[in-house]
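The values are calculated or read from the model by the stated rules, or taken from the named source; none is laboratory data. None of these values were measured; they are calculated from a predicted model. Here the Cβ positions follow ideal geometry from the backbone for every residue, glycine too, while neighbour counts run over all protein chains shown. SASA here: full protein model, heavy atoms, side chains in, ligands and nucleic acids out. Shrake-Rupley method; radii C 1.70, N 1.55, O 1.52, S 1.80 Å.
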Amino acid sequence: MTEEPWAIPRGESERREDAEFLRWYGAWAPLDPAGVAALLEGFRRPWWLVGGWAIEAFTGRPREHEDLDISLLACDVPALRLHLGESWTPWSNDGGVLRPLSDRFPAPLAADGQLWVRRSSSDPWVLDIPLTPSVEGLWSSKRMPGHVAPVEEVTWVSGGGIRCLRPEIVLLFKGLQDRAKDRRDLEVCWPLLDAGQRSWLLESLVAAYGPEHPWLGLVG
């Protein structure tokens, strides 16, 4: 029997935020991992799933998804623009400020910002790309800038052939907001992490957010 995906609990404030987002930025119709893989077929630079989809790939536990996020190195944005060509219109997003990623503005607003992708102004957004700042071509952590590594060391490749951020690193990012869905992802991931991953996550939560982080009491 196929396991039913668990639904993400959403409060009234979150629903109001969604409505306000739709008013200002327009609708989303996010791709799924297979759709992203098809879109980026032939793109020769590394990219990887982050967020909830990366957690689902690791645990095998289906969950509801509000969107799909991938990441790539900020230094690879020019290669992505070339790959997308004229069929898509990527935009740079830095804290809600949007600017076309175009010949006039070829660089993203921030190396740690986001790219949003859609076909045209009349189409929904399909892809959110939180950029990863690169240090001499290496991956670097937004939460702990001293953590710099080759992409291959901080990612893994799923059975479906899609690269994903390692689960303990995804959880570290999720610990910043500590939403209900983030705690659920922690709950389903923790039993599957090995001793090294658990130790790294606990130490990194303290380093990034301090010794009073609420997750330390949940899994310590």
Hey, could you grab the Kirkwood Rh for segment 144-220? Inverse mean 1/r over distinct alpha carbon pairs, Å, one decimal. 13.1
Stokes-Einstein D (µm²/s) once Rh is taken as the Kirkwood radius of segment 71-194 over alpha-carbon pairs, at 10 °C in 1.306 mPa s: 99
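Return the carbon/sulfur percentage of the accessible area of the chain, one whole number, probe 1.4 Å, all protein chains in place.
Looking at the chain in its full context, I get 52 percent from C and S.
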Under a plain spin-label model, where a point goes 7 Å from the Cα along Cα-to-Cβ, how far apart in nm are residue 20 and residue 87? 3.7
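Using the Kirkwood radius built from alpha carbon pairs, what does the Stokes-Einstein equation give as D for the chain at 4 °C and 1.567 mPa s, in µm² per second?
After rounding, the answer is 70 µm²/s.
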Leading residue at positive end of dipole, the chain (Cβ point charges), from 30, 190, 211: 30
State log₁₀ I(q)/I(0) for segment 1-85 at q = 0.21, 0.22, 0.25, 0.27 Å⁻¹ as given by the Debye formula over alpha-carbon point scatterers of equal weight, solvent excluded. -1.13, -1.16, -1.24, -1.31
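Quick one: accessible area per residue over the chain, 1.4 Å probe, rounded to a whole number of Å²? Show your work: numbers first, answer last.
Details: 11510 Å² over 220 residues.
The answer is 52 Å² per residue.
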Short to long, in 5 Å steps from zero, the percent of alpha-carbon pairs of segment 37-107 per bin is 3, 13, 21, 22, 19, 12, 7, 2, 0
Taking only the C-alpha atoms, wrap a convex hull around segment 82-130 and report its volume per residue in Å³ as a whole number. 81
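Just from its helices, what would the mean residue ellipticity at 222 nm be for the chain, if runs of 4 or more DSSP H residues each count -39500 (n - 2.57) and the sum is divided by every residue, rounded to the nearest 500 deg cm²/dmol? All intermediate terms of the calculation are to be shown ahead of the outcome.
Values: 9 runs with 79 residues, N = 220.
Calculated at 222 nm, the ellipticity per residue is -10000 deg cm²/dmol.
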